[in-house]
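Undergrad: Take this structure first; my questions come after.
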Amino acid sequence: MPELPEVETVVRGLQVALPGKRIEAVRFNKTDFVHDPKRIAERLPGLRVSSVRRHGKFIVFELEDGATDAAVLLVHLGMTGQLVIVPASAPIAPHTHIFFPLDDGRELRYTDIRRFGRVRLLAEDTNGSLLGKLGLDALDTTEKEFAAQLRGRQARIKALLLDQRVLRGLGNIYTDESLWRARIHPARLATTLKKNELHDLYRAVQQVLKEAIRLKGSSVSDYVDSEGNRGEFQIRHRVYQRKGEKCFRCGTLIQRIAVAGRSSHFCPHCQRAPRTVRRGPVSRRRRK
């Protein structure tokens, strides 16, 4: 699933190409992931893109007509969603479900193999009420804010980092990578983390996200940027999807467990497990 670095990469590409461009029309293929497609098809033609920004894992298109009419288009890429800008004459990729012809002869196209993404049009004044339910942005938060969100919580640290109501933007890839860098086991309770561990975790999250953005994200599945190019951060992964491979730091084999229902990769030597997780399989041999 595209996470903060992938969405940020897509947004940065769209920020260069879209502002000032007018949407000429909207055409749909499949619409089961689109909220009120009829309204979108009626409202968007004629509107110009005034800005594109990221809010957590959402892509936010600010639209206007130069007068008083304004709207906000929200796009969540789900697991396999892609937004690319191509010439209108370009071949249509499989699973392309939305076409936004632009006034410069190009098209913004949305493709999604599994159709787990979401597309929704909002009136401008409802934007804050919907997105305001999300937590602090994982990239923009300060260390003080980050620590305050996590300190003292009776929940697994991996679960908290994934909770978009706590920190928005993080997913499985970058929580695993950040926890490995900070040497923190994913099943640790947040309340057990000391001040220096929270400091290390904050720094790890910032470093991982910024490195991933610089390398245009992780292409472990279908993700591509707004020009259709794959990211490169997957070659820097240290634990994610590396079960059974050697830890780059100590050589111990990477393990995988489930935390809060999510697959979590970690090094059992570098990331010491809390006592409740260390127990091995129970022996079934009878006592003599």
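Undergrad: Can you give me the span-like helices of the chain, meaning DSSP H runs with 27 Å or more of Cα extent along the axis and Kyte-Doolittle mean at or above -1.0? All intermediate terms of the calculation are to be shown ahead of the outcome.
TA: Values: long enough: 195-214 (29 Å, -0.72).
Counting only whole DSSP H runs, the qualifying helices are 195-214.
Undergrad: Along the charge dipole of segment 42-123, pointing to its positive end and built from +1/-1 on Cβ of Lys, Arg, Asp and Glu, which listed residue (47, 86, 113) has its Cα farthest out?
TA: Result: 113.
Undergrad: Moving on. Please list 164-174, 23-33, 110-120, 39-49 highest first by mean number of surrounding beta-carbon atoms within 10 Å per residue. Write out the running numbers ahead of the final one.
TA: Values: 164-174: 21.7, 23-33: 15.0, 110-120: 18.8, 39-49: 17.1.
Per-residue mean Cβ counts within 10 Å order the peptides as 164-174, 110-120, 39-49, 23-33.
Undergrad: For a footprinting-style exposure proxy, rank 50, 89 by other Cβ within 10 Å, fewest first. Could you put the intermediate results ahead of the total?
TA: On the way: 50 15, 89 8.
Exposure proxy ranking, most exposed first: 89, 50.
Undergrad: Under a 5 Å amide H to amide H cut-off, with H placed in plane at 1.01 Å, what residues pair with residue 247 once short-range neighbours are removed?
TA: 252, 253, 254
Undergrad: Quick check: the distance between the Cα centres of segment 146-209 and segment 214-272, to the nearest angstrom?
TA: Segment 146-209 and segment 214-272 have Cα centres separated by 16 Å.
Undergrad: Quick check: net charge around residue 162, other residues with Cβ under 11 Å of its Cβ, Lys/Arg +1 and Asp/Glu -1?
TA: On the way: positive: 156, 158, 165, 168, 262; negative: 3, 163, 176.
Once positives and negatives cancel, what remains is +2.
Undergrad: Could you work out the local net charge near residue 197, counting Lys and Arg as +1, Asp and Glu as -1, over the other residues with Cβ closer than 10 Å to its Cβ?
TA: On the way: positive: 183, 188, 194, 195; negative: 200.
So the surrounding residues net to +3.
Undergrad: Would you pull out the residues with amide H under 5 Å of residue 185's amide H, same chain only if 5 or more places away, H placed 1.01 Å from N?
TA: Result for residue 185 returns 272.
Undergrad: A follow-up question, please. Name the most mobile residue of 273, 93, 260, meaning the one with the largest mean-square fluctuation, in a Gaussian network model of the chain with Cα contacts below 10 Å.
TA: Result: 93 has the largest fluctuation of those listed.
Undergrad: Kindly work out what percent of the DSSP beta bridges joining two residues of segment 1-154 are antiparallel, to the nearest 5. Working shown, then result.
TA: Working: 36 of 38 bridges.
Close to 95 percent.
Undergrad: Please identify, among 146, 248, 61, the residue showing maximal mean-square fluctuation in a Gaussian network model of the chain using a 10 angstrom Cα cutoff.
TA: 248
Undergrad: Between residue 131 and residue 90, what's the calculated FRET efficiency when r is the beta-carbon distance and R0 is 41 Å? Round to 0.05.
TA: Working: r = 32 Å, r/R0 = 0.78.
After rounding, the FRET efficiency stands at 0.80.
Undergrad: What residues qualify as long-range amide H neighbours of residue 217, i.e. H under 5 Å apart, gap of 5 or more or another chain, H built at 1.01 Å from N?
TA: 232, 233
Undergrad: Now for a different question. Take the residue pairs 57/158; 133/210; 216/246; 144/243; 30/243 and return only those whose Cα atoms are more than 28 Å apart. Each step should come with its number before you reach the end.
TA: Numbers: 57/158 18 Å; 133/210 25 Å; 216/246 26 Å; 144/243 34 Å; 30/243 37 Å.
Distance filter (> 28 Å) returns 144/243; 30/243.
Undergrad: Could I ask something else about it? Which whole-number percentage describes the relative contact order of segment 109-180, with Cα contacts under 8 Å and a sequence gap of 6 or more? Working shown, then result.
TA: Details: 39 pairs, mean separation 22.0, N = 72.
Worked out over segment 109-180, it gives 31 percent.
Undergrad: Percent of Cα-Cα pairs per 10 Å bin, from 0 to the last occupied bin, for the chain, please list those.
TA: Final binned percentages: 6, 26, 30, 20, 12, 4, 1, 0, 0.
Where a number appears in this text, it was derived from the coordinates with a stated rule and is not lab data. Just so we're clear, the structure is a prediction, and the values are computed from it rather than from any experiment. Because the Cβ atoms are built from the backbone with ideal geometry, glycine has one as well, and the counts that use them run over all protein chains shown.
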